[in-house]
Structure formats: structure tokens, C-alpha cells
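Scroll down for the structure; my scribbles are underneath it.
The values are calculated or read from the model by the stated rules, or taken from the named source; none is laboratory data. If you're wondering where the values come from, they're calculated on a predicted model, not measured in any experiment. As a convention, Cβ positions derive from the backbone with ideal geometry for all residues, glycine included, and neighbour counts pool all protein chains shown. Side chains are part of the model used for accessible areas, which takes the heavy atoms of the whole protein and leaves out ligands, DNA and RNA. Shrake-Rupley method; radii C 1.70, N 1.55, O 1.52, S 1.80 Å.
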Amino acid sequence: MNSFSLKGKVALVTGAVHGIGFGIACALHEAGAKVAFNSLKQEEVDKAITAYQEAGVDAKGYVCDVTDETAVKAMVAQITTDIGAVDILVNNAGMIQRTPMLEMSPEDFRRVIDVNLNGPFIVSQAVLPAMVEKRQGKIINICSMMSELGRETVAGYAASKGGLKMLTKNIASEFGQYNIQCNGLGPGYIETPQTAPLREPQADGSRHPFDAFIVSKTPADRWGRVEDLTGPAVFLASPASDFVNGHILYVDGGILAYIGRQPK
Ligand code: NAP
Ligand code: GCO
């Protein structure tokens, strides 16, 4: 079981003030890692530090926009001073905009690509030199069902997550020789603030149509929970996955394997 230990490691989970990133950061801490996280606003970071403390996690929080390479370099240097060089990077920070493609402005499309694809590139570029020097490192990119599938209104998001899948494979290809593994974690549809609009009950109290639709497309017959992702994240962050590289581990309850439940 030692191969799942993260004792002595430093982990940075971007955007981890709630949702998937928060759950993964807590799990990495439970496995022994020291944890750092960032988000865009000081008040969000402060609130999250309290939430981590209530969860028994001594997390270090930083205000940093992952699309700002100067700020990212400064944050990574500060983390190194505060708790040590980053051994494990989880590129979790992300955004979504659900807009029909013909109504989406190029600026909005660019912003989604910037956060979801350029951000992971920029943060990975900031942590890789120390990983190369140590001849050891783990990068986990939070991909998506939209790394493989499209749907209406998420053109920017799907393009960004498809690109993130290939960035994952490219980092794996370029840095595997330095004992650095880069893999993707591909959640299915998970109950977080980001998907709350897809689960909101209708005005008449009935179930959101998308809620019913997604459950019908999931063999597990339910939405995913953040806890479903924490074990796979610890695996990808630990020595147990030292020969796993360039892989996208989908944690989707079987969505990608399934044509969908036929109407009764
Ligand atoms: P979330 O609740 O929206 O969390 C995303 C976090 O990233 C937020 O705290 C957000 O801060 C932060 N963020 C956004 N832009 C940033 C930037 N430029 N710099 C730094 N931080 C930034 O989403 P989630 O559901 O936990 O998802 C986390 C990751 O999993 C995302 O990459 C998402 O695409 C991916 N994912 C989610 C699902 C799902 O079903 N929920 C499934 C597959 C993949 P603000 O709150 O201030 O915007
Ligand atoms: C959507 C959802 C999805 C999830 C996730 C699925 O609007 O379709 O937000 O994109 O966030 O990425 O894996």
C-alpha cells in the first residue's frame, strides 16, 4: 500500500476552492501530501482555507489567475519557498459557458480556451523545470466527457477539453524520459456548482430534463460525486502509477461505454 503514499510530496491543485478540486486536494492531503491551491479572488481563497481547516487540511492558498504566466511563475516560486517544490500538479481550474455556437462570441470562445487549455499549459510549464531537475513529477489534467464527445452549447468547452487530452499526451511524450508522468482524469457528470444548472428542478417541481437524460446515459444510473474521483486522483498522483503515462482515466460510471438506456 506504500505505493499509494504521498508522504513528503507537495501538491498544487489549481482552482481548488470547492467542487472537484477541493475534494481531490483533501484526498492528496489524506495520502500524505502538503497541499497548495489557488483561485481568482482573495475572498474565495480565504473561505476555502477555512473549509480546508474544518476538513483537517492545512492547505496553503494563493490568489492567481492560471492564464497569467507572470502571476503563475510567481505563485509557483512562492509555493516552493513556503512548502517546497511542486511534485504533483493537478490542473483543475476551469470554466464552462453554455451558449449555442452561433450565439457565442469569438472572445467568449477564446476565454474558455484560455482558462481550460492555455492555463494548464502555463502552470505545467512553471512546475516542470523543478520536476525535470528532481527526475520525478506527476501532472494530472482534469479532462471531461467533452474530451471525447460533443453536445450542443459547449463548443468552446469541448474544444478546450479535447485539446487538454492531447496536451496531456504531449507532456507525457516529452517528459517521460525524466520520470515525469502526465495523465488525464476524465470525470463524467459530477454533482458540483458547475453542473448545478443542469440539475435544478423545474418551476413545476419536476426533474430537470438534462438530469434525467444524463442518468439515462450512465450505466451507474446516477450522477457522479466528487468522492468518486478522489481514489483515482490519488492513484495518478502516487508511485502506484509510475508506469502509467499519457492515459486519460475516465471516471464516468460507464457513460463512454454506453449507448444509453432504451425508453421503457
Ligand atoms: P467549478 O466548481 O466551476 O470549479 C472551477 C474552479 O476553477 C473555480 O473555483 C473557479 O473559480 C476556478 N477558476 C476558473 N477560472 C480560473 C482561473 N483563470 N484561474 C484560477 N482559477 C480559476 O468546477 P468543478 O465542477 O469543480 O470542475 C473542476 C474541473 O473539473 C474543471 O476543469 C471542469 O471543467 C472539470 N470537470 C467538471 C465536471 C463536472 O461534472 N462538474 C466533469 C468533468 C470535468 P471561480 O469560482 O472564481 O470561477
Ligand atoms: C455540460 C457539463 C459537462 C461537465 C463535464 C462532463 O454542460 O455538458 O458541464 O461538460 O462539466 O465536463 O464530463
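Brief remarks follow.
Condition check ((1) in contact (Cβ under 8 Å) with a residue 60 or more places away in the chain; (2) within 24 Å of Ile214 (Cα to Cα); (3) not in a helix (DSSP H, G or I)) across all residues:
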| residue | (1), (2), (3) |
| --- | --- |
| Leu89 | yes, no, yes |
| Asp114 | no, no, no |
| Ser124 | no, no, no |
| Met131 | no, no, no |
| Leu149 | yes, yes, yes |
| Glu152 | no, yes, yes |
| Ala172 | yes, no, no |
| Asn183 | yes, no, yes |
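- Residues located in the range 203-243, provided they are closer than 30 Å to Gln177 by Cα, open to solvent by 40 Å² or more (accessible area, probe 1.4 Å) and either in a loop (DSSP other than H, G, I, E, B) or in contact with an Asp or Glu (Cβ under 9 Å, 6 or more places away or on another chain) (or both): Asp242, Phe243
- If you filter the range 137-168 down to residues that are of a type outside the set (Asp, Glu), more than 13 Å from ligand 1 (Cβ to nearest atom) and surrounded by fewer than 18 Cβ atoms within 10 Å (Cβ to Cβ), you find that the one that is nearest to Gly84 (Cα to Cα) is Met166.
- Of the residues making up the range 4-13, one or more are touching a residue at least 24 places away in the same chain (Cβ under 8 Å) and out of contact with any helix residue (DSSP H, G or I) (no Cβ under 9 Å at 6 or more places or on another chain).
- When the range 245-259 is limited to residues that are open to solvent by less than 40 Å² (accessible area, probe 1.4 Å) and among the β-branched types (Val, Ile, Thr), the one that is farthest from Asn170 (Cα to Cα) turns out to be Ile255.
- Among the residues listed as Thr195, Thr218, Thr230, the single one being modelled with pLDDT of 95 or more, under 15 Å from Gly19 (Cα atoms) and within 12 Å of ligand 2 (Cβ to nearest atom): Thr195
- Subset of the range 1-51 [among the aliphatic types (A, V, I, L, M), over 15 Å from Ile88 (Cα atoms), open to solvent by 10 Å² or more (accessible area, probe 1.4 Å) and modelled with pLDDT of 95 or more]: Val17, Ile20, Leu40, Ile49, Ala51
- Annotation: Val112 fulfils all but one of (1) open to solvent by 20 Å² or more (accessible area, probe 1.4 Å); (2) within 18 Å of Met146 (Cα to Cα); (3) among the aliphatic types (A, V, I, L, M); (4) within 14 Å of ligand 1 (Cβ to nearest atom); the unmet one is (1).
- When the range 14-55 is filtered for residues that are β-branched (Val, Ile, Thr), free of Cβ contacts under 8 Å to residues at least 60 places away in the same chain and in contact with a Ser or Thr (Cβ under 9 Å, 6 or more places away or on another chain), the ones remaining, listed by number, are Val17, Val45.
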